[in-house]
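The values are calculated or read from the model by the stated rules, or taken from the named source; none is laboratory data. Computed from a predicted model, the values in this text were never measured in an experiment. Quick reminder, even Gly has a Cβ in these numbers, built from the backbone with ideal geometry, and neighbours come from all protein chains shown. Note: accessible area is taken over every heavy atom of the protein model, side chains too, but ligands, DNA and RNA are not part of it. Shrake-Rupley method; radii C 1.70, N 1.55, O 1.52, S 1.80 Å.
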Amino acid sequence: MASYDERVVYDWSSPTQLNDWDIQYSGPAGSVAITNGKLVLAPNRTAISGVNLISKAIGFDALEMEFNTGNLGSGQTRYLTLSFGTGGVCDDAGRVPGTDFWHQGMANSVTLHLQDPGAGGSFVRDYANGGRIDRGSYPLTPGTDLTRQNRVLIIFKPGEYQVWLNGIQILSIPTVTAQPPTKVMIHQGWYAPGVWGADTTISRVFLYRGYDHFSDMTMKVHPVKCVPANPEPRAVFQQQDVAWRGTPPMYAGPVNLQQQTQYPLCKGRDYFWIRDGVRNVEQGFIESTVTISGVGVRRRVLCFTQDGELVGETYSRASDGVYRFDLLWLNRRYMVVAQDDPAYGPADYNAVAADYQAPKPYPPGGGVAPAPFPMLAPLKRN
């Protein structure tokens, strides 16, 4: 959150708030009036004219304002000018008093001109010594509509000029000619004959001294204490034997990165097919028992792949504790976990696991079914 030394608020709840401002007209006089709790700047539309509201106090380094411009119909350009500076009111060329009143600033100032996005958006000019310096154009964010309620924030300090519109920064200029302390000027102009200008309705104005937009962004250092998940020292650590021994022969280590081609990918084959060849299609089973004190019991048994995917769930037989998982790939390894009753709550025993289990291949002619095609036997001729 931003900080500041002093803030002056103008919510136009009382006509006496205008006593803090000087009102100057350029060309035919327009009007400055408080209507329905809001300040309305209305230039004279019979000729080129301008309405200027200038703070009597100096030393402000930030301006925040809620406003909207009048809706003049399609094809017409609306704009609003905000200026930090000193001296008399100048025209768009920097002359005092000049004639180009549709854009005005102070004789020594940095001035922001906000225009409809279709008219080029915003641009900044320095007015000094009877002339002007263009600081470039800065497009407004897509969707900006000056006829709706908008909030603009301008920060002006030595070597710093930044503008935010509706919370989005639209420009930042590191160097400008004008130097503080300065006054604040709000200008609304009209170009005639033509379609440039508008009436501007101002809901609130905030003037700041000692404004700091990023005062709360303080980097703090917090100490971090690292606690090892496994406090076992390296001298005590026993390396696990993960080498594969047995049949069928295969490589049980990690899958190395290999360049894949379009052909195996389109065939739906995975990395294990590429790594192990025809071994990828061979299947087998894992069969064992669940016992408590040497006696087979009925318990829930889960089968996981080594990377944690659940591939099977069954119950061991109550008579002898035997369980079996079928259709497991021979070229992969599995972890089998047995749970004591109840399976989803407190139990007498913790779950037990048998890790890195290799499936056994089916015998020739064998498989999941107890006999080949048992349903065809009644159909055979005697």
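If the condition is being assigned to a loop (DSSP other than H, G, I, E, B) and more than 14 Å from residue 207 (Cα to Cα), then the range 153-186 contributes 158, 159, 166, 167, 174, 175, 176, 177, 178, 179, 180. Of the residues contained in the range 47-55, none is found to be closer than 15 Å to residue 106 by Cβ and outside any strand (DSSP E or B).
Being free of Cβ contacts under 8 Å to residues at least 40 places away in the same chain and touching a strand residue (DSSP E or B) at 6+ places or on another chain (Cβ under 6 Å) is true for just one of 107, 62, 128, 42. Which residue is that? Show your work before the answer.
Numbers: 62 fails: free of Cβ contacts under 8 Å to residues at least 40 places away in the same chain; 128 fails: free of Cβ contacts under 8 Å to residues at least 40 places away in the same chain; 42 fails: free of Cβ contacts under 8 Å to residues at least 40 places away in the same chain.
Answer to the check: 107.
No other residue among 89, 51 is farther than 28 Å from residue 174 by Cα, buried (at least 23 other Cβ atoms within 10 Å of the Cβ) and out of contact with any helix residue (DSSP H, G or I) (no Cβ under 7 Å at 6 or more places or on another chain) apart from 51. Restricting attention to the range 76-115, the residues that are polar (S, T, N, Q), part of a loop (DSSP other than H, G, I, E, B) and touching a Ser or Thr at 6+ places or on another chain (Cβ under 8 Å) add up to 1. Looking only at residues of the range 292-344 that are at positive phi and in a loop (DSSP other than H, G, I, E, B), we find that the one that is most open to solvent (accessible area, probe 1.4 Å) is 293.
Quick one: how many residues across the range 346-372 are modelled with pLDDT under 80 and among the polar types (S, T, N, Q)? If you could, list the steps in order and put the result at the bottom.
Within the range 346-372, the subset modelled with pLDDT under 80 is 346, 365-372.
Retained after the next criterion (residues that are among the polar types (S, T, N, Q)): none.
Looking only at that region, the number is 0.
A search for C-beta distances below 7 Å between a residue of the range 141-168 that is on the phi > 0 side of the Ramachandran plot and any residue that is part of a strand (DSSP E or B) and surrounded by 12 or more Cβ atoms within 10 Å (Cβ to Cβ), counting only pairs 6+ apart in sequence or on different chains, returns 166/150; 166/151. Among the residues of the range 21-46, those identified as in a loop (DSSP other than H, G, I, E, B) and either open to solvent by 50 Å² or more (accessible area, probe 1.4 Å) or modelled with pLDDT under 90 (or both) are 27, 28, 29, 30, 36, 43, 44, 45, 46. For residue 3, the conditions (1) polar (S, T, N, Q); (2) surrounded by 13 or more Cβ atoms within 10 Å (Cβ to Cβ); (3) more than 19 Å from residue 108 (Cα to Cα) are fulfilled apart from (2).
When we screen 308, 296 for residues that are more than 52 Å from the chain's Cα centre (by Cα) and farther than 24 Å from residue 367 by Cα, the only hit is 296.
If only residues of the range 99-121 that are under 18 Å from residue 197 (Cβ atoms) and modelled with pLDDT of 85 or more are counted, the one that is farthest from the chain's Cα centre (by Cα) is 105.
Are any residues in the range 127-145 within 36 Å of the chain's Cα centre (by Cα) and either surrounded by 14 or more Cβ atoms within 10 Å (Cβ to Cβ) or over 17 Å from residue 179 (Cα atoms) (or both), and if so, which ones?
Our first condition is that a residue be within 36 Å of the chain's Cα centre (by Cα); within the range 127-145, this holds for 134-145.
135, 136, 137, 138, 139, 140, 141, 142, 143, 144, 145, listed by residue number.
Can you find a residue in the range 124-144 that is in contact with an Asp or Glu (Cβ under 7 Å, 6 or more places away or on another chain), of a type outside the set (Lys, Arg) and under 30 Å from residue 33 (Cβ atoms)?
Quick first cut of the range 124-144, residues in contact with an Asp or Glu (Cβ under 7 Å, 6 or more places away or on another chain) only: 125, 132-133, 135.
Filter once more, so that each one left must be of a type outside the set (Lys, Arg): 133.
Checking which are under 30 Å from residue 33 (Cβ atoms) leaves us with none.
There is no residue in the range 124-144 that is in contact with an Asp or Glu (Cβ under 7 Å, 6 or more places away or on another chain), of a type outside the set (Lys, Arg) and under 30 Å from residue 33 (Cβ atoms).
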